[in-house]
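Report on the structure given below.
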Amino acid sequence: MNNKKCLKAQILSALLLTLALLITACGGKKPAENETLPPAESSTASVTAAPETTPAESTPAPVRLSFSEKDIHTGDLILVNSSYPFDFEANEATLDIKNIRENQSFYYQVDKLEFSVAGRILPHLDAMIAACDEAIGTKETGITSAYRTKEYQQGVMEEITAAYGEDYAKKYVAAPGYSEHHTGLAVDVGIFYPDGSQGSFSESQNAVWMRNNCQHFGFVRRYAEDKTAITGISNEAWHFRYVGMPHAFYMTAHNLCLEEYIDFLRAGTSEDEPLTVTCDDGTYDIFFTAEMEIEEPEGMYTVSGNNVDGLIVTVKRK
């Protein structure tokens, strides 16, 4: 019996010794019940992907507009007078002459069937004549002269000289090559009675109405009595020139002839300091530039030469 107890004691001692050795081998710490050991580290290094980056959207380079010397001599604002002749070659591709009778939107009298104007001004001319007739209450407004070739102008000069003398002709008729009628932008307005005869436009109510209202259609009375010293042409109540509405509005409001307006824009405006004009169809910024390459304006714009030394840019505000 004693021998069996002794054997059990020896076995128990051996088990306790083995357990002690195991605890020592594990670092002397026995895992607590339900404790989860951390997972073994992987031998493969983890790589964290860099977040995708979207390149910043690049701002497109501004569009540049390039012009040539001939562009100075074309457009609705070219000055044609005794000092600045009309450049026929530069305007050959853009003149776009249209016969008035064949293209008018309603019937009004034209003195000669071949009379024509630059096609782009015909809708404005039609509208001005219609408004004048409606205001006066007659159907007597018509056209006594329009586009002229250099040869035609020579014939007019010779005819007026023969009839009234050279001095009179120089006062009222521009020399061939120096007439606004070459541009297709100028017309002479007359009175046509139902019996086929013509009346004096200068003494008519129509002349008064057009002088006061032509700017609403983009026209100006080109040769006024108080501007004779500047224009070199005597008073012509019948001669109207298309320049475009914002320009016509400013010229009329400030009593400027085209020579004065061209000088004003050249001396007093720039891209950074434009002239701002509000008229019937909106507000415009207008400036002169002598540069032959400019940044394209935003929105609707036109560019015209002045036939002197540069370009006039007209930008409609949004």
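Computed from the coordinates by the stated procedures, all read-outs in this text should not be read as laboratory data. This structure is a prediction, so every number in the text was calculated from the model and none was measured. Positions of Cβ are backbone-derived with ideal geometry, glycine not excepted, and every protein chain shown enters the neighbour counts.
May I ask which of Lys70/Lys170; Lys139/Lys316; Lys150/Lys316; Lys98/Lys170 have a Cα-Cα span longer than 32 Å here?
With Cα atoms farther than 32 Å apart: Lys139/Lys316; Lys150/Lys316.
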Highest to lowest packing among 177-188, 118-129, scored as the average C-beta count within 10 Å: 177-188, 118-129
Segment Glu293-Gln205, extension gain: residue separation times 0.36 nm, minus the distance between their alpha carbons: 27.0 nm
Length-normalised contact order of the stretch 165-318 in % [C-alpha pairs under 8 Å, at least 6 apart]: 16 percent
In nm, spacing of pseudo-spin labels at Glu102 and Asn255 (7 Å Cα→C-beta vector): 4.4 nm
Overall Cα dimensions of the stretch 64-316 - principal axes, largest extent first, Å: 56, 38, 35
Under 13 Å, Cβ to Cβ, from Ala229 - net charge with Lys/Arg +1 and Asp/Glu -1: -2
